[in-house]
Amino acid sequence: MTPAAKGALAADARCGRASLASLTMIDVADVSRRYDGGQAALDHLSLHVAEGECLALLGPSGSGKSTLLNLIAGLDRPTEGTVTVGGTRVDRLSEAAAARYRRATIGLVFQFFNLIDDLTVTDNVLLPAQIAGRPATQSRRRAAELLETLGIDRHAGAYPGRLSGGERQRVAVARALMNRPPLLLADEPTGALDTASGAEVRKLLVDLHADGQTIVLVTHDEVLAATVATRTVRLVDGQVAGA
Amino acid sequence: MSAIRTVVRGAQRRRVSTIVIIMATAMAVTATVLAGLLLAASSAPFANAFAQQHGAHLTAIFDAAKTTKDQAAATAGQAEQTAGPYPVTTVTATPQGAPPGPGGPQLKVVGRADPGGDAIDKVTLLAGRWARAAGEIVVARGDVRIPTGIVLRLEDGSTLTVVGEARSISQTAQAWVTPDQAVALGQTGWQMLYRYADASSETAMTAHEAALGAGAQTQSWLDVRNDAAHRTQLFVPLLSAFGLIGLALAALVIGNVTAGTVASATRRIGVMKALGLTPAQVVRACLVQALIPGLIGAVLGIVAGDLLAIPLTADVADLFGTVPMSVTPWVDAAAIVAAILLIAATAAPAAWRAARLRTVDALAVGRAPHSGRGRVAARLAARTRLPRPVSLGLAQPFTRPARLLAILLTVGLGTAAATFAIGLASSLREIQAAAEKPDTSADVLVMPMDDRDLRPIVAATPGTGRYYGRGPADIAVDGLREPARGTITSGDARWAGYEMLDGQWYTGPGEAVVNTAFLTATGKKIGDTVTGAGHEPLTLVGEVFDGSANNHLYTDQASVPAGVVRGFEWYVELTPGTGRDTYIAALRSQNVAAEATGSEGLDGTLILLDSLTALLTALLVSVAALGVLNAVVLDSRDRVHDIGVHKSVGMTPRQTAVMVIASVGVPGLLGGVLGVPAGYLLHRWAVPAMAHGAGIRLPQSTIEVYGAILLAALTLAGLVLAAGGALLPAGWAARTRTAVALRTE
Ligand SMILES: Nc1ncnc2c1ncn2[C@@H]1O[C@H](COP(=O)(O)OP(=O)(O)OP(=O)(O)O)[C@@H](O)[C@H]1O
Ligand SMILES: [Mg+2]
């Protein structure tokens, strides 16, 4: 990655990572999430993430990792407990307020990319800025920079269907970073990728974190957790194991 | 079969869209039933009603003073079938509470014990019940309605209570009482009703009439039929137009619903095929899946259609002067069969396509890149300066051209119906206004009084501006059996406001203008001369519209012998600044009766037509809106995953709703752009056709009723209709839980 490209990613880093590591980014306090009738997907779980941290959530299938990420992203609400992100009580937001909160604060990366098939790569990346009503020229410049930084500027005008899995995931990351969110959430970002593509994405996350991006990462990939994360938390049955 | 059940159950789990499918089908079938009834009612309404009542070919009244009951009954041998003799009388009846005075309606009253149950002329009861006792009467419903409950006062002071309203297609009476009551009212004659084996020709009927002898007063069904024809032909094009739009719209909605249902099952079918479902099973599963909600909807639609048919057929019957059609199960049956055939015909090709789809492709539906359609639109929309949710929505329909077309046509037909209906209502209003104008163009009407010449009085009264006199006279015309009704004017009547269709108003003696019916009846043209007993030859200088289908002729007093008109009505325009009341008071002080002119208000037929048009338009527009609703629900369901993605990157519920509503923007606008001209042309064809059926030619002003602003507004109404249909699904899409949507495959 070129120094200039690094600059594009670092643009959203608040300050040097070391000095601010103690500031709280996420505070999940005594949270439970029960789906109607079923067993609790999250069971009185508490969790702290500091600014600049890269936290990896590990755990068996069905242990509640995605559920926790959804709560932090404001996509879902806890049955009990509070979720605070950057000082905002996410669990109390209305739908519209949650949407605005996501625009400003959260970048989301999914296992299956979740790109819009009918929009070009550039239009996909531009989407969060356009939905937020950001000025068009600035957004275009930012999108171009991101695509270049992530090495997919060749495909700017292509449709997602033509890209490889790794390329698609990089588009998804670019889209997640578009609005310079303080917090990046990634749910098994390498889960659908082969080894080589997985390595690309891993390197990308390492670079992002090195530039000060706070990241919460759900993964089954021990290598990913070991190389990227500053801390790992293991969930079992909706609780932090050995906490 | 259990595999089929799995596919079907999968569809049923999506409750909202299943309900929408059922509702849309139901509405469409309701529209089909009503449209079918309209078409059935509009085809040969008189013949059907006449057959239904087993109408009388000949109605005869024998003078009771010269003919005994037995003598009247003895004529039965001349016909194939007879009914009677029934006692007949004529009464002058005034509704109680109406101001006393001469000229209450004269009613021909027939005494029949069971008018609905006789062998001939089975009179249809429209409201209330039959007269069962003395003091009760049932009146025939006509242009003037005497509602049930009214008490009629007779000339001798006795009273009759109206207990029902009925209609005889053979026009055998204006009211019915019990036979004893008819005798008590002062019987004047015996009525006999006849049916013949050969009754279709004028010659045959004349022979039958002659056979009854000179003493019988007769009425042939051929004359009754002629009278009815004018009335029914007037409205047939109108009702047929509504019926056809309704059928087209229903077919479109059902087809669209079905295609959507099958398309949405494609992915599930992929899974089933991967597990070993054969293509034949796939086709069967698709058909079953489409037919189940379709059938439920069709049955509900039939029920709703039959319920709505009751007021509708009653209105139509009043309009035609016929009786409501008896139960028409064949319309229901036809609607069901048509709906099923249509569903099968739409589902079969879609199912066949699904069955032939390679399993991998079927599995990939909704996941893999689409065919790439609509990308140009998406790129163009992205370049606009519109808010992103709007531009995203606008581009959406282009990925599915078939659905775009379906919404476009649905909106188009809806706007066409609304355009047509609004035009029709305005035309009817204009026609009435044009026909009434000679009565409303002046300020004050001075009534004729015996033989007094009022002209000097009018001329001398302060405040009189322009004025002219008008009076009736029969004008004999060579070539016409009956004299034409003449309107004789005195003074300059050019400003009276008669709408000219051709030529101009007369300017001197020896000239006349006539209405269209006169030209048709005499075969004359403008410029020809009319001769007849009692007047000098008259040159026809103009064709005038007066809203009448009878032969009318207008000419100046100087063209006819003096004294033909007994009294003139004087129409006076007041000079500016003169109050009507003071002017009328001034005349009254000289013992001259005068009143302010004014519109008579809407006539009954017009009100009936208005309510009928409103009902049909509301129905068609709702069907169209529901069609849009269904299309948008299907579309949102296909896009639920994309909607989730948009929300995950910060789209608010409001923005989501805006996006969904914007997705019908293009087809809504195009639908209006196509529908308005279609409705406009339909109106341009139907209104003159209606008038032609009634033997009338209409002034251009009554046909060209659409202003530019109205047309523009109607075009935008397409957009409103589409947006209205998209509103509910937009709300649902806005409320979709993002986490759930993202999990949806
Ligand atoms: N919408 C839902 N309705 C009902 N139950 C749900 C829902 N979403 C998740 N669950 C349940 O909650 C539990 C936790 O699910 P979650 O998706 O958070 O697991 P996970 O740790 O992300 O698993 P994986 O590693 O397989 O993705 C599971 O038992 C799941 O069945
Ligand atoms: Mg998960």
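The values are calculated or read from the model by the stated rules, or taken from the named source; none is laboratory data. All values derive from a computational prediction rather than experimental measurement. With ideal geometry, Cβ positions are generated from the backbone for all residues, glycine too; neighbour counts draw on all protein chains shown. With ligands, DNA and RNA removed, areas are computed over all heavy atoms of the protein, side chains included. Shrake-Rupley method; radii C 1.70, N 1.55, O 1.52, S 1.80 Å.
What to note about this one:
- Any chance residue B:440 is of a type outside the set (A, V, I, L, M, F, W, C) and open to solvent by less than 10 Å² (accessible area, probe 1.4 Å): no
- Residues that are within 16 Å of ligand 2 (Cβ to nearest atom) and either more than 14 Å from chain B (Cβ to nearest Cβ) or open to solvent by 20 Å² or more (accessible area, probe 1.4 Å) (or both) within the range A:42-70 comprise A:45, A:55, A:56, A:57, A:58, A:59, A:60, A:61, A:62, A:63, A:66, A:70, listed in sequence order.
- Some residue of the range A:78-91 being within 27 Å of residue A:195 (Cα to Cα) and more than 8 Å from chain B (Cβ to nearest Cβ): no
- Among residues of the range B:497-522 that are under 18 Å from residue B:439 (Cα atoms), those with a Cβ under 6 angstrom from a residue that is polar (S, T, N, Q) and open to solvent by less than 50 Å² (accessible area, probe 1.4 Å), sequence gap 6+ or separate chain, pair up as B:497/B:441.
- Looking only at the range B:689-735, and only at residues there that are within 14 Å of chain A (Cβ to nearest Cβ) and open to solvent by 30 Å² or more (accessible area, probe 1.4 Å), the one that is nearest to residue B:669 (Cα to Cα): B:732
- Residue in the range A:156-164 that is more than 12 Å from chain B (Cβ to nearest Cβ), farther than 27 Å from residue A:57 by Cβ, surrounded by 18 or more Cβ atoms within 10 Å (Cβ to Cβ) and modelled with pLDDT of 90 or more present: no
- Residue count for the range B:517-536 satisfying the condition of being open to solvent by less than 20 Å² (accessible area, probe 1.4 Å) and of a type outside the set (Gly, Ala, Ser): 2.
- On the stretch given as the range B:160-185, residues that are in contact (Cβ under 8 Å) with a residue 40 or more places away in the chain and within 37 Å of the chain's Cα centre (by Cα) total 15.
- Wholly enclosed helices (runs of 4 or more DSSP H) of the range B:660-745 bearing at least 2 residues within 16 Å of ligand 1 (Cβ to nearest atom): B:738-743
- Scanning the range A:121-146 for residues that are within 7 Å of another protein chain (Cβ to nearest Cβ) and of a type in the set (S, T, N, Q) yields a single hit, A:130.
- Any hit, the range B:189-198, residues being open to solvent by 60 Å² or more (accessible area, probe 1.4 Å) and among the basic types (Lys, Arg): no
- Given (1) open to solvent by 10 Å² or more (accessible area, probe 1.4 Å); (2) touching a residue at least 40 places away in the same chain (Cβ under 8 Å); (3) outside the structural domain of residue B:256 (by TED's automatic domain parsing), index of the condition residue B:88 fails: (1)
- When residue A:96 is tested against (1) buried (at least 23 other Cβ atoms within 10 Å of the Cβ); (2) more than 12 Å from ligand 1 (Cβ to nearest atom), only condition (1) is not met.
- Residues that are more than 7 Å from chain B (Cβ to nearest Cβ), out of contact with any strand residue (DSSP E or B) (no Cβ under 6 Å at 6 or more places or on another chain) and hydrophobic (A, V, I, L, M, F, W, C) within the range A:92-120 comprise A:93, A:97, A:98, A:104, A:112, A:113, A:115, listed in sequence order.
- Single match in B:627, B:675, B:668 (criterion: closer than 17 Å to residue B:396 by Cβ and more than 14 Å from chain A (Cβ to nearest Cβ)): B:668
- Residue check, residue A:27 at pLDDT below 90 and either within 16 Å of ligand 1 (Cβ to nearest atom) or surrounded by 14 or more Cβ atoms within 10 Å (Cβ to Cβ) (or both): no
- Close pairs from the range A:100-118: first among the aliphatic types (A, V, I, L, M), partner assigned to a loop (DSSP other than H, G, I, E, B) and at pLDDT below 90, Cβ under 6 Å, at least 6 apart: A:109/A:189
- Members of the range B:169-180 that are in contact with a Gly (Cβ under 8 Å, 6 or more places away or on another chain), open to solvent by less than 10 Å² (accessible area, probe 1.4 Å) and within 23 Å of residue B:195 (Cβ to Cβ): B:169, B:170, B:176
- Among the conditions (1) at pLDDT 80 or above; (2) out of contact with any strand residue (DSSP E or B) (no Cβ under 6 Å at 6 or more places or on another chain); (3) farther than 11 Å from residue B:93 by Cβ, residue B:158 misses just one, which is (3).
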